[in-house]
Amino acid sequence: MKVSIDGEFFEFDPQRKSMAEMLVLEDATGIAYGQWESGLQQGTAQALGALAWLLWHRAGRHVSWDDIKSGAVELNLAEMRFEDAEKAPDPTTRRGGKGASRTTATDT
């Protein structure tokens with residue numbers, strides 16, 4: 001899966017989560033691993049922010065969780081995008097996934 005954060009793409013394999021990495025994530029964010037997993041499925045702000053933190057750390061950027069929470073490091077969750085690497089984009093939805101396409105307009 002590809003994750004876009006502020007226009008930059010990162011690879012994220014939901015099956016690749018080492019024990020050491022998850023312990024660091026728990027320690028840094030205070031979020032229990034199971035809660036983080038559940039939060040990702042629900043799309044909670046805390047879990048998505050922790051995902052950004054994790055991906056940035058994997059890329060060598062050592063951003064503190066406190067800076068993400070306080071806004072010192074800008075993270076616009078509304079602009080995070082997820083792409084399944086094995087699926088082609090859905091041609092019936094506009095880029096960004098907002099609104100109806102021309103073929104599914106809501107006007108009657």
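Read the figures in this text as sums done on the coordinates, not as results from a lab. Everything quoted here is computed from the prediction, not taken from an experiment. Neighbour counts are summed over all protein chains in view; Cβ atoms, including those assigned to glycine, are modelled from backbone coordinates with ideal geometry.
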Would you list Thr29, Thr44 from fewest to most Cβ contacts within 10 Å?
Thr44, Thr29
Grab the Cα-Cα distance for His62 and Leu40, subtract it from 0.36 nm times how many residues apart they are, and report the gain in nm with one decimal.
5.8 nm
For Leu77 paired with Glu26, estimate the spin-label separation in nm (one decimal), with each label point 7 Å from Cα along the Cα-to-Cβ line.
2.3 nm
Total formal charge among the other residues, if their Cβ is under 14 angstrom from that of Asp67, Lys/Arg +1 and Asp/Glu -1
0
